[in-house]
Amino acid sequence: MTRFATRAVHAGLEPDPGFGDVIPAIHQSTTYVQTAPGEFRDQFDYSRSANPTRDALERGLGDLEGGLASAFSSGMAAEHALITAVCDAGSHIVIPDDLYGGTYRLVDKVLSRWGLEYTMVDQTDLDAVERAVRDDTRLVWVETPTNPTLKVVDIPAIVARAQGAFVAVDNTFATPVYQRPLELGADAAVHSMTKYLGGHSDAIGGAVIVRDEARHASVRFVQNSIGAVPGPLDCFLVHRGLRTLHLRMAAHTENARVVSEWLQDVDGVYDIRWPGLSGMVSFRHPEAKKIVAATRIFALAESLGGVESLIELPQAMTHQSVEGSGAAVPADLVRLSCGIEAAEDLVEDLAQAIG
Ligand SMILES: *Cc1c(COP(=O)(O)O)cnc(C)c1O
């Protein structure tokens, strides 16, 4: 097998059979001509079920994560598909106590109404994870590094303590450049492609990548039945993003290293977190609310993983849905998504904002 950078550039891309385009055309068609009733090319009968532009992206994602991929219209749609494919009404799942707010909301506000039960646990405490797993636990949901406090969870150690439950890892932050959950023993990797995979803040999408053929078929069944599929243009944009993923992740990570080292000596800044593995940095400061409104290059916005730098206050923005729960975040926490601008400009911007 070729090295990651080579695969990132080429994964899922074969010249278009029609004209030999090096970059295959974007297939907008919703349907495909059949030669006889029920006879059609490959799996292409209707674009909710399969679409060549989506198929290319799915093959690319599968190659980079080392499994079988399905693409969705958002990260949340991908999560919903995997959880409903793995669990039944009344199943129990284990979730982390620091996680993407939307994941908590999906489990606590939507799926719990259909009988899904959950236990929330600090997954850096492996004994606590082991105690949380019950006889009826179907799924252990892992997010690492966690969002927004950037704790790192030991995936093989969780797999060893899952007692046979399905282990899914939200790999949105680290991406397959730094972490490939299937190689570490997990059963699935999940992505918000909206973030680093797309990388340019111009497409919403999600993905599930599994190892097992039967599980893949069950995820595909939900994908087609629920129909939360991404449009061809969004698939094209994310696929283009994959081709520079390794370069962008290196630049994001280096900028985050410079920023987090500079923050160490700034008055009032405490609890700086940067575990490596991405451009995500968090820190606390009593004037957090004032700081996030005062940056000029860091845009005050939700989301992350684009080439431009973003700053936000999780408690008031991305993590409102966990307020009052076991996953609530402190009010003085600032989260940075360091882009790929010049590191010196990012530091100067934070310096004038922190004052
Ligand atoms: C953004 C995000 C999601 C949800 O993805 P959408 O594409 O916004 O639906 C899930 N997990 C993590 C870690 C995220 O950052």
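Key figures for this structure:
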{"item": "Residue order for Asp88, Asp42 - accessible surface, 1.4 angstrom probe, largest first", "result": "Asp42, Asp88"}
{"item": "Acute angle (nearest 10 degrees) that the helix 75-86 long axis makes with the longest principal axis of the chain, alpha-carbon atoms", "result": "60 degrees"}
{"item": "Cα-centre dipole for the chain with unit charges at Cβ (Lys and Arg positive, Asp and Glu negative), debye to 20", "result": "500 debye"}
{"item": "Residue-count net charge about His285 - beta-carbon cut-off 11 Å; Lys, Arg +1, Asp, Glu -1", "result": "-1"}
{"item": "0 to 90° range, to nearest 10: angle between helix 343-354 axis and the chain longest Cα axis", "result": "50 degrees"}
{"item": "Unit Cα scatterers, Debye sum, the stretch 177-262: log10 I(q)/I(0) for q = 0.14, 0.21 Å⁻¹", "result": "-0.62, -1.11"}
{"item": "Overall form of the stretch 98-148 per C-alpha gyration tensor (a/c, 1.5; a/b vs b/c)", "result": "oblate"}
{"item": "The stretch 296-355: C-alpha gyration tensor shape, a/c 1.5 cut-off, then a/b vs b/c", "result": "prolate"}
{"item": "Whole-number percent relative contact order across the chain, with pairs defined as alpha carbons under 8 Å at least 6 apart", "result": "17 percent"}
{"item": "Residues of the stretch 336-355 with amide N under 20 Å of the 7 Å Cα→Cβ point at Leu300", "result": "336-339, 346-355"}
{"item": "Formal net charge of residues neighbouring Thr53 (Cβ-Cβ distance under 14 Å; K, R +1; D, E -1)", "result": "-3"}
{"item": "Cβ-based net charge around Phe44, under 11 Å, with every Lys or Arg adding one and every Asp or Glu removing one", "result": "-1"}
{"item": "For the chain: rounded, prolate or oblate by the Cα gyration tensor [a/c cutoff 1.5]", "result": "oblate"}
{"item": "Residue of Thr84, Thr172, Thr31 that the Gaussian network model of the chain assigns the largest fluctuation, springs spanning Cα pairs under 10 Å", "result": "Thr31"}
{"item": "Max mean-square fluctuation residue, GNM over the chain, Cα-Cα springs under 10 Å, options Thr30, Thr318, Thr149", "result": "Thr30"}
{"item": "Heavy-atom accessible area order for His10, His216, His191, His27, largest first, 1.4 Å probe", "result": "His10, His27, His216, His191"}
{"item": "Mean accessible surface per residue for the chain, computed with a 1.4 Å probe while every protein chain stays in place, in Å²", "result": "42 Å²"}
{"item": "Calculated FRET value between Asp267 and Phe40, using beta carbons and R₀ = 56 Å, to 0.05", "result": "0.25"}
{"item": "Lysines with Cα under 30 Å of Lys109, excluding same-chain neighbours fewer than 8 positions away", "result": "Lys151, Lys195, Lys289"}
{"item": "DSSP bridge pairs, the stretch 4-242: antiparallel proportion in percent, nearest 5", "result": "45 percent"}
{"item": "The chain: most fluctuating residue of Phe72, Phe236, Phe19 per GNM, C-alpha cutoff 10 Å", "result": "Phe19"}
{"item": "Whole-percent carbon and sulfur share, accessible surface of the chain, 1.4 Å", "result": "53 percent"}
{"item": "Accessible-area value, Lys151, 1.4 Å probe, nucleic acids and ligands omitted, Å²", "result": "50 Å²"}
{"item": "Ala25/Ala293 FRET efficiency (R0 56 Å; Cβ-Cβ; nearest 0.05)", "result": "0.80"}
{"item": "Residue-level accessible surface for Val121, protein heavy atoms, 1.4 Å, Å²", "result": "10 Å²"}
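The values are calculated or read from the model by the stated rules, or taken from the named source; none is laboratory data. Bear in mind that the values here come from a model prediction, so they are computed numbers and not experimental data. Here the Cβ is made from the backbone with ideal geometry for all residues, glycine too, and neighbour counts use every protein chain on show. Side chains included, ligands, DNA and RNA excluded: accessible areas come from the protein's heavy atoms. Shrake-Rupley method; radii C 1.70, N 1.55, O 1.52, S 1.80 Å.
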